[in-house]
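Participant: This structure is in structure tokens; I'll ask about it shortly.
Quick note: the coordinates plus some simple rules give every number you see, no bench work behind them. Remember, it's a predicted structure, so these values are computed and weren't measured experimentally. Positions of Cβ are generated from backbone atoms using ideal geometry, with glycine treated the same way; all protein chains shown enter the neighbour counts.
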Amino acid sequence: MNVGAVNTEVKVYTVNGAAAGAGSASSLPDWLTRKRAVKSGRSKRAIREEFEGAVNLIQHFEFPEASNRIKQTRDGHHAIATGVYKPQMRVFDLDQLTLKFERHSDAENVDFLVDTFR
């Protein structure tokens, strides 16, 4: 995370990407920056090292009260989380960084019994 001061009163926090005053590329999305870097002839290793430290946030990765269990599927493409009050289960697509679906239940979800979710 980069911290840049616009003036003495305001701090600008950049969670993903370059710092706010680092140039015109800082406002571009990561996928476009990567695409341009590949076209410019930079090595794949240099590009990978630049983007490995990036933080990607999953949309709607929250529960109204609390989450008591989170597991990742074997293939690494999905994360399953359970929450309390109102008991629910949410499945997140880690490739797209989005909520795939959510289901509500009548009783609290204690643990996952099946680990072969696809």
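Participant: Averaging the inverse of every distinct alpha carbon separation and then flipping it gives the Kirkwood radius. What is it for the range 59-118, in angstrom units?
Facilitator: Computed over the range 59-118, the radius equals 11.7 Å.
Participant: Label-point separation (nm) for residue 60 and residue 74, each offset 7 Å from Cα along Cα-to-Cβ?
Facilitator: With each label placed 7 Å out from Cα toward Cβ, I get 2.8 nm.
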